1. Just one of Gly109, Gly28, Gly94 is farther than 30 Å from Leu131 by Cα and within 16 Å of the ligand (Cβ to nearest atom); which is it?
2. Here are some residues: Met116, Met152. Which one is within 14 Å of the ligand (Cβ to nearest atom) and within 20 Å of the chain's Cα centre (by Cα)?
3. Going by the structure shown, is Gly133 under 20 Å from Tyr393 (Cα atoms), small (Gly, Ala, Ser) and crowded, with 19+ Cβ neighbours inside 10 Å?
4. What number of residues within region 320-363 satisfy the criterion of being polar (S, T, N, Q), crowded, with 18+ Cβ neighbours inside 10 Å and more than 16 Å from the ligand (Cβ to nearest atom)?
5. Gly145 - would you say it is among the small types (Gly, Ala, Ser), part of a strand (DSSP E or B) and within 16 Å of the ligand (Cβ to nearest atom)?
6. Could you list, in sequence order, the residues of region 100-130 that are surrounded by fewer than 24 Cβ atoms within 10 Å (Cβ to Cβ) and polar (S, T, N, Q)?
7. Against the definition (in contact with a helix residue (DSSP H, G or I) (Cβ under 8 Å, 6 or more places away or on another chain), of a type in the set (D, E, K, R) and within 14 Å of the ligand (Cβ to nearest atom)), how does Asp126 come out, yes or no?
8. If we scan region 295-308, do we find a residue that is in contact with a Gly (Cβ under 6 Å, 6 or more places away or on another chain) and of a type in the set (A, V, I, L, M, F, W, C)?
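The values are calculated or read from the model by the stated rules, or taken from the named source; none is laboratory data. Note that the structure is a prediction, hence the values are computed from the model and not measured. Reconstructed Cβ throughout: ideal geometry from the backbone, glycine too, with neighbour counts over all protein chains shown.
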Amino acid sequence: MPTTADATDLQEELIRLRHDLHRQPEIGLQLPRTQEKVLQALDGLPLEITLGKDTTSVTAVLRGGHPGGESVGPRPAVLLRADMDGLPVQEKTGVDFTSQADGAMHACGHDLHTSMLVGAATLLADKKHLLGGDVVLMFQPGEEGFDGASYMIREGVLDATGTRVQAAYGMHVFSALEPHGTFCTKPGVMLSASDGLEVTVLGAGGHGSAPHSAKDPVTVAAEMVTALQVMVTRQFNMFDPVVLSVGVLHAGTKRNVIPESARIEATIRTFSDASRHKMMDAVPRLLKGIAAAHGVEVAVDYLQEYPLTITSEDETRTAERVITELFGERRLSRWATPLSGSEDFSRVLAEVPGTFVGLSAVAPGGDPATSPFNHSPYATFDDGVLADGAALYAELAMSRLGALAPAS
Ligand SMILES: [Zn+2]
């Protein structure tokens, strides 16, 4: 029976699990209730399960069947990844399985990823005798800014079968962008790198009527904010885009008091390592130069967050072939440009070749151009994609392990 038909049989179960996860979102690296639900859902499947030490991750290994039933030394392995965490967002969708946790919501659709990967585990367990190797199922907490993938890599997820996985696949649903059910791929740079900037301008406080006897950090901070934008347009190639947005600008307590210090925080997105490294040099140089010109001090913290998400050309072509075989060319959108979001699946793709596939879960008939996007309190993700997502995860593993199986 084709995987898609088997997956359709699981649809009701996957919807139940997804709604259950959606009602009780958890944030960060510690997701005890979510972990419990995943373990319950995987119960009874022939999996070797390892729980995270420093986080509530779940690593499940499915051993492909051998004719003799025994494992015979290192065999090829592939990894499938789902993230499980929610966001600090107050849900306003009005769906009947709305979040019951105050101030927390599955606003990025990670509840769907978790449910789809559970579905894939069931599908693969049924076909394990056909697998030419082993599958690592990576259920990851803390994608939303907590770098959960790095914890799992340090704790050995890439070698969970006893050998390094040869390919890794992740998936992400969107509540807008593309028509319902469209799978999105892109070889090379698919998502931006994300970095943070924290700046403190240290002047000398004084009376607002006598700025010459003080060192005003406010005017210096104001100059820095505009100079950063000018730098982006003058020093960076417009065909290798850079985004720098100041989201925090704080100084002072009273209008006639020159404060001691001023604070700036910004997010920086880049789409190449060259631009990322150039930014790391250019930003502190600019800010220190402005501070020196005005005789004040500046402390610059450049915080490296997630690197570029770079997919392998070969693995992306594999995914495109599998998507086309399962769902038809019509359901595939090959992106010409990356998306300016960031992902810690980039950590996995920096270690092993693989790819990341987008899946539109916009409501059927919904307008992808105007539907609220991921992270919005109004973002809704359609359950109708769960079976197809599970089928794709499973087929990616089967197809890749088939291709990797040693000749016998
Ligand atoms: Zn996400």
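1. Only one candidate passes the filter, namely Gly28.
2. Of the residues listed, the single one that is within 14 Å of the ligand (Cβ to nearest atom) and within 20 Å of the chain's Cα centre (by Cα) is Met116.
3. Spelling it out, Gly133 is indeed under 20 Å from Tyr393 (Cα atoms), small (Gly, Ala, Ser) and crowded, with 19+ Cβ neighbours inside 10 Å.
4. Adding up the residues that qualify gives 1.
5. no
6. Gln100, Thr122
7. no
8. Within region 295-308 (the criterion being in contact with a Gly (Cβ under 6 Å, 6 or more places away or on another chain) and of a type in the set (A, V, I, L, M, F, W, C)), the answer is yes, since at least one residue qualifies.
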